[in-house]
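Reading through the structure tokens given below for one structure.
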Amino acid sequence: MSGTEWSYTEMSFLGSTGHLMKGSGIEDVLQLIYVSNTVGHIMSGKAVSRAVRGHFIVDASLHSLLAAKVLGITLPAGNSDAHQTTQGEDEDTVDDAAAHAEPVTTSATQIHDVQDLTDIMHKLLSGTTSIGNVEQNELLLNTMDKVTAETRNPVFC
């Protein structure tokens, strides 16, 4: 497949995703990062690299919200002034928003739980343990139950 065909395939896929997600609020989220004119191109699939980056950012944000909810971590409310964009500021906006973010509040237990879950993940990825060895881990089972409960709830934040 040549580069041109791949590009059109990619654009078509991203445009289809944008069409399916229209009205879900993804446009509002993307406007926190990109200017509204760019969001239209992202949703249509015409701005391929920005669309891919934007979808990854939205995915990471949603997973962060879900993880915070499940682990009981209070996330900062954010600063809406840090999200104002103008043409040409797309790349700097994310850094500006991060610079204005409030600190995340966590307890020692939450930090310990996250460290334990991270250790389990690293052991699985490195092959030093198997799924059979960790599938009965109480912390992992509780976390999976919370994730299941939260994902059934359409508004988890």
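Computed from the coordinates by the stated procedures, all read-outs in this text should not be read as laboratory data. In this text, all values refer to a predicted model and were calculated from it rather than measured experimentally. So basically every Cβ, Gly included, is an ideal-geometry build from the backbone, and we count neighbours across all protein chains shown.
How long are the semi-axes of the equivalent ellipsoid of segment 107-157, defined as square roots of 5 times the Cα gyration tensor eigenvalues? Whole Å, largest first.
Details: eigenvalues 101, 42, 18 Å².
Three semi-axes, in Å: 22, 15, 9.
By the rule of a C-alpha distance below 28 Å, with chain neighbours fewer than 8 residues away ignored, the lysines paired with Lys22 are Lys46, Lys69.
This model, with +1 at the C-beta of Lys and Arg and -1 at the C-beta of Asp and Glu, gives segment 107-157 a dipole about its Cα centre of some 140 debye. Between Ser64 and Asp119, the contour length at 0.36 nm per residue exceeds the Cα-Cα span by 18.0 nm.
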